[in-house]
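Shown next, in structure tokens, is the structure this report addresses.
The values are calculated or read from the model by the stated rules, or taken from the named source; none is laboratory data. Note that the coordinates shown come from a computational prediction; the quantities given were computed from them, not determined experimentally. Ideal geometry is used to build each Cβ from the backbone, glycine not excepted, and the neighbour counts take in all protein chains shown. Calculation scope for accessible area: heavy atoms of the full protein, side chains included, ligands and nucleic acids excluded. Shrake-Rupley method; radii C 1.70, N 1.55, O 1.52, S 1.80 Å.
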Amino acid sequence: MQKLACPKCHKPLHLENKTLKCDSHHCYDIARRGYINLLLNPDKATNNPGDSKESLLARKAYLNQGYYDVILEQVTALIKHYRKQDQLSILDLGCGEGYYTKGLKEHFPDSDIYGLDISKTAIDMATRYRKDITWIVGNSKNIPLLDHSLDFVCALFTVVNREELSRILKKGGYIIHVTANPRHLIEIKELIYDEIKIKSDKYLRLGFPEAKSVQFVKKVHIDNREDVLNLLKMTPHYYHIKKEKRGVLDTIQDHDITIDIKITVYAL
């Protein structure tokens with residue numbers, strides 16, 4: 001709790017009974033499930049921002065089968081390489097339903113782990129993994145954490161705000177940024193798109209000094225139809241399938257997929 005900041009005035013939050021308060025007398029209750037809602041109304045575009053419940057349930061079901069554990073292994077190995085001490089403060093930004101956040105806590109049990117997502121549904125689901133993680137509903141453009149308080153920020157397949165990352169990271173801190181390369185899930189794209197458009201990743205680069213850049217490619221076999229459909233539903237691709245292409249969903253059984261990602265370590 002010691003690194004939490006009021007989203008309105010950015011002063012430190014302290015716990016009084018089951019309420020978080022700042023010196024400006026802004027108050028925030030802790031939900032029954034244990035998470036903290038620090039998302040202000042001006043910071044959300046809709047009443048229920050973030051991924052849909054259907055997408056989150058699919059993500060949880062798919063990730064819990066272990067298909068993407070290789071990504072978590074890459075991220076944790078980089079943190080272990082660059083850390084300066086055992087006890088760390090790590091934020092999983094855009095954590096969704098919390099699978100990777102839970103993995104970070106398992107690898108760094110003595111560290112303070114924070115999971116933040118704009119979706120209250122996602123954070124409510126995440127609390128079911130572990131109670132010893134600080135779960136926060138919040139916006140990546142107004143992160144409710146103190147200035148220069150974090151050793152690492154992990155951003156896996158999520159939108160980030162450069163200015164906020166500069167503000168919350170310590171001098172000498174690191175960003176672990178995971179982004180999809182054009183051939184990531186290429187087999188899924190070939191199923192549902194007539195033409196696959198290659199987009200430049202220059203807008204994904206954060207402009208901080210790069211300590212390391214890793215191109216990681218691995219083939220994974222998904223051995224049943226349910227898991228393939230869950231993979232589809234947890235990505236934006238599922239919601240872009242044209243009506244005339246919906247029939248391919250009936251033909252899916254097992255499938256090979258390509259994990260093709262770029263992991264960039266930025267040093268502040």
Task: Index of the failed condition, Thr76 passing every other in (1) within 16 Å of the chain's Cα centre (by Cα); (2) closer than 23 Å to Tyr238 by Cβ; (3) modelled with pLDDT of 95 or more - done: (2)
Task: Residue among Val159, Val217 that is open to solvent by 80 Å² or more (accessible area, probe 1.4 Å) and in a loop (DSSP other than H, G, I, E, B) - done: Val159
- [ ] Examine region 17-26 for a residue that is among the polar types (S, T, N, Q), touching a residue at least 24 places away in the same chain (Cβ under 8 Å) and out of contact with any strand residue (DSSP E or B) (no Cβ under 8 Å at 6 or more places or on another chain), and state whether such a residue exists.
- [x] no
Open item on the list: Which pairs turn up if I take residues in region 126-151 that are closer than 30 Å to Ala61 by Cβ and assigned to a helix (DSSP H, G or I) and look for partners that are of a type outside the set (D, E, K, R) and open to solvent by less than 10 Å² (accessible area, probe 1.4 Å) with beta carbon separation below 6 Å, at least 6 apart in sequence or on another chain?
Closed with: Ala126/Gly98; Ala126/Gly115; Ala126/Trp135
Open item on the list: Whether any residue in region 73-84 is in contact (Cβ under 8 Å) with a residue 12 or more places away in the chain, of a type in the set (Val, Ile, Thr), open to solvent by 10 Å² or more (accessible area, probe 1.4 Å) and closer than 23 Å to Ala61 by Cα is what I want to check.
Closed with: no
TODO: Report yes if Leu146 is among the aliphatic types (A, V, I, L, M), at pLDDT 95 or above and open to solvent by 30 Å² or more (accessible area, probe 1.4 Å), otherwise no.
DONE: yes
TODO: Would you be able to say whether some residue in region 112-125 is open to solvent by less than 30 Å² (accessible area, probe 1.4 Å) and within 15 Å of Leu268 (Cα to Cα)?
DONE: no
Open item on the list: Of all residues being closer than 22 Å to Tyr129 by Cβ and of a type in the set (Asp, Glu) in region 5-55, which is surrounded by the most Cβ atoms within 10 Å (Cβ to Cβ)? Just the residue, please.
Closed with: Asp51
- [ ] Sort out which residues of region 57-71 are out of contact with any Phe, Trp or Tyr (no Cβ under 6 Å at 6 or more places or on another chain) and part of a helix (DSSP H, G or I), and write them in order of number.
- [x] Leu57, Ala58, Arg59, Lys60, Ala61, Tyr62, Asp69, Val70, Ile71
Task: Within region 198-214, tally of residues that are in a loop (DSSP other than H, G, I, E, B), free of Cβ contacts under 8 Å to residues at least 60 places away in the same chain and surrounded by 13 or more Cβ atoms within 10 Å (Cβ to Cβ) - done: 1
TODO: Taking Glu106 as meeting all but one of (1) in a helix (DSSP H, G or I); (2) open to solvent by 20 Å² or more (accessible area, probe 1.4 Å); (3) closer than 26 Å to Glu210 by Cα; (4) without any contact (Cβ under 8 Å) to a residue 40 or more places away in the chain, write down the number of the exception.
DONE: (3)
Open item on the list: I'd like to check something: does region 91-100 contain any residue that is in contact (Cβ under 8 Å) with a residue 60 or more places away in the chain, on the phi < 0 side of the Ramachandran plot, open to solvent by less than 70 Å² (accessible area, probe 1.4 Å) and hydrophobic (A, V, I, L, M, F, W, C)?
Closed with: yes
Open item on the list: For Pro182, only one of the following conditions fails: (1) open to solvent by 30 Å² or more (accessible area, probe 1.4 Å); (2) touching a strand residue (DSSP E or B) at 6+ places or on another chain (Cβ under 9 Å); (3) closer than 27 Å to Leu268 by Cα. What is its number?
Closed with: (3)
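Residue-by-condition table, conditions (1) crowded, with 19+ Cβ neighbours inside 10 Å; (2) over 24 Å from Gly94 (Cα atoms):
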{"position": "Arg225", "(1), (2)": "no, yes"}
{"position": "Leu229", "(1), (2)": "no, no"}
{"position": "Leu232", "(1), (2)": "yes, no"}
{"position": "His237", "(1), (2)": "no, no"}
{"position": "His240", "(1), (2)": "no, no"}
{"position": "Lys245", "(1), (2)": "no, yes"}
{"position": "Val248", "(1), (2)": "no, yes"}
{"position": "Asp260", "(1), (2)": "no, no"}
{"position": "Thr264", "(1), (2)": "yes, no"}
TODO: Would you mention how many residues in region 1-55 are more than 30 Å from Leu229 (Cβ to Cβ) and in a helix (DSSP H, G or I)?
DONE: 3
